[in-house]
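Enquirer: This structure is in structure tokens; I'll ask about it shortly.
The values are calculated or read from the model by the stated rules, or taken from the named source; none is laboratory data. All values reported here derive from a predicted model rather than from experimental measurement. Reconstructed Cβ throughout: ideal geometry from the backbone, glycine too, with neighbour counts over all protein chains shown. Heads up: the accessible areas ignore ligands, DNA and RNA and are worked out on the full protein's heavy atoms, side chains in. Shrake-Rupley method; radii C 1.70, N 1.55, O 1.52, S 1.80 Å.
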Amino acid sequence: MPKRGYHHGNLKQALVEAALELITEKGPTGFTLSEAAKSAGVTPAAVYRHFQGREDLIIECALQGHAIFADLMDYAYQSGQPSALAAFSATGRAYLAFARKYPGHYMAMFESGLSRHATPELARAVARSRGTLEKAAEALSEQIPENRRPPASMFSSHVWAMSHGVVELFARGNPGGNVPFPPEDLLEAGIGIYLRGLGLVAPDA
């Protein structure tokens, strides 16, 4: 690919897309800025027009990922209305769908070791993408007596951790290749057990 130096039409986004491909292939810390520049077809020096270093580039990947993720989670939440249970369950499925469709973004967001407070913009993006799941958890937990009701942030964090675990263990590479159940079924069953423990879903007959 010929070098285009500083004359790239949309250098910043070209570098982000190159980084996302490299992150998917090698992980968030497995590539260099020089590799991203080469993949984008520009000189390494051109990278510094937009990014101070690799972390800045990963932050931009994470920012874009959180924007997509927040929109997807919000759509899933709205699609389950007016049932609080259906809306909550839909957000869990949306988590898996996002991880599969946007693996580079997902890894930049959750596997790069970035602090959510790395920049004010990232902190706001994380708050927005987590907000929908917390909203869904809060609406569902209103059915629990107040003296037994977990904080919505704890409720949503439990489900977030469960979703992340299913992605990491069973949805990488060949989906379902490590277990005889589809990841979606595993997550749905796990959430069901959790919700039964809180008294939000009736026990099986």
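Enquirer: Residue by residue through the range 23-35, note down the ones that are open to solvent by 20 Å² or more (accessible area, probe 1.4 Å) and not β-branched (Val, Ile, Thr).
Expert: GLU25, LYS26, GLY30, LEU33, SER34, GLU35
Enquirer: Another question about this same structure. Return a yes/no flag: does the range 86-102 have any residue that is of a type in the set (Phe, Trp, Tyr), at pLDDT 90 or above and in contact with a Gly (Cβ under 9 Å, 6 or more places away or on another chain).
Expert: Yes, that holds for at least one residue.
Enquirer: Which members of the range 161-183 meet the condition of being crowded, with 17+ Cβ neighbours inside 10 Å, farther than 19 Å from GLY131 by Cβ and at pLDDT 85 or above?
Expert: Correct list: VAL166, VAL167, PRO183.
Enquirer: Condition first: free of Cβ contacts under 8 Å to residues at least 24 places away in the same chain and farther than 23 Å from ALA127 by Cβ. Now tell me which residues in the range 149-167 satisfy that.
Expert: None - no residue of the range 149-167 is free of Cβ contacts under 8 Å to residues at least 24 places away in the same chain and farther than 23 Å from ALA127 by Cβ, so the list stays empty.
Enquirer: For the range 191-201, name all the residues that are over 17 Å from GLU138 (Cα atoms) and surrounded by 17 or more Cβ atoms within 10 Å (Cβ to Cβ).
Expert: none
Enquirer: Next question, about the same structure. For the range 127-160, give me each residue that is charged (D, E, K, R) and surrounded by 13 or more Cβ atoms within 10 Å (Cβ to Cβ). Before the answer, list the steps.
Expert: Step one: filter the range 127-160 for residues charged (D, E, K, R), giving 128, 130, 134-135, 138, 142, 146, 148-149.
Selection gives ARG128, ARG130, GLU134, LYS135, GLU138, ARG149.
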